[in-house]
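A quick write-up on the structure given underneath.
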Amino acid sequence: MTKLYVDADACPVKAEAIRVGERYDVPVIMVSNAFFRLPESHVVERVVVPEGPDQADDWIAERATAGDLVVTADVPLASRCVKTGALVISPNGKPFAEAAMGMRLAVRDLNTQLREIGAIKESGPPFSKTDRSRFLNQLDPLMRRAIKISEDQKEA
């Protein structure tokens, strides 16, 4: 059965993910390091992991498999999930593909180093309405793909 995992701590599209989960009647698992308010929904499961680096990422990566969908902006988490066969999308609507993961990890590492030495001051453009719209436009087809993968696995 398909599950929608959301790396929820700083995710700006939690409500949109829940709406899509409700439309497809898919469990939406919100994983975070802290408790926060969520809309009431029969599809939402909240998981609060212990404080610490990568705790939420590890929890998601250990469970996401082929036929699941993951929402995260975290490139290393996306890489781990893509390797298991899960479909992964960022909150700005850009899907993560296995073929591009090496380059995305390299760019992420380069940007981290540039920020550490002060060559880059900001972390990127702010989240926009266009990003939200792109996310919604991409999430539906990815959800259908994830469900198809999950159904094909049951038949095999």
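Laboratory data are not the source of any read-out in this text; all were calculated from the coordinates shown. Bear in mind the structure is a predicted one, so any value in this text is a computation, not a measurement. Don't worry about glycine lacking a Cβ; one is built from the backbone with ideal geometry, like all the others, and counts go over all protein chains shown.
Along the axis of the charge dipole computed for the chain (Cβ charges of +1 for Lys and Arg, -1 for Asp and Glu, origin at the Cα centre), the listed residues PHE135, PRO39, ILE18 are led at the positive end by PHE135. Computed about the Cα centre, the dipole magnitude for the chain is approximately 500 debye when only Lys and Arg (+1) and Asp and Glu (-1) carry charge, each at its Cβ.
Listed cross-link partners LYS14/LYS121; LYS94/LYS154; LYS3/LYS94; LYS14/LYS83 are compared with a 22 Å cut-off, the Cα-Cα value being larger for LYS14/LYS121; LYS94/LYS154; LYS14/LYS83. Helix screen, the chain: DSSP H segments with Cα axial length of 18 Å or more and mean Kyte-Doolittle hydropathy at least -0.5 are 101-116.
Placing unit charges on the Cβ atoms of the charged side chains and taking the dipole of the chain about its Cα centre, the candidate lying farthest along the positive direction among ILE147, PRO125, SER90 is PRO125. Amide H contacts for GLU45 (H built 1.01 Å from N in the peptide plane; partners 5 or more residues away or on another chain; cut-off under 5 Å): VAL28, ILE29, MET30. Placing unit charges on each Cβ (+1 for Lys and Arg, -1 for Asp and Glu) gives region 46-85 a dipole about its Cα centre, and among VAL49, SER79, GLY67 the Cα reaching farthest toward its positive end belongs to GLY67.
How big is the antiparallel share of DSSP beta bridges in the chain, given as a percent to the nearest 5?
Roughly 10 percent of the DSSP beta bridges within the chain come out antiparallel.
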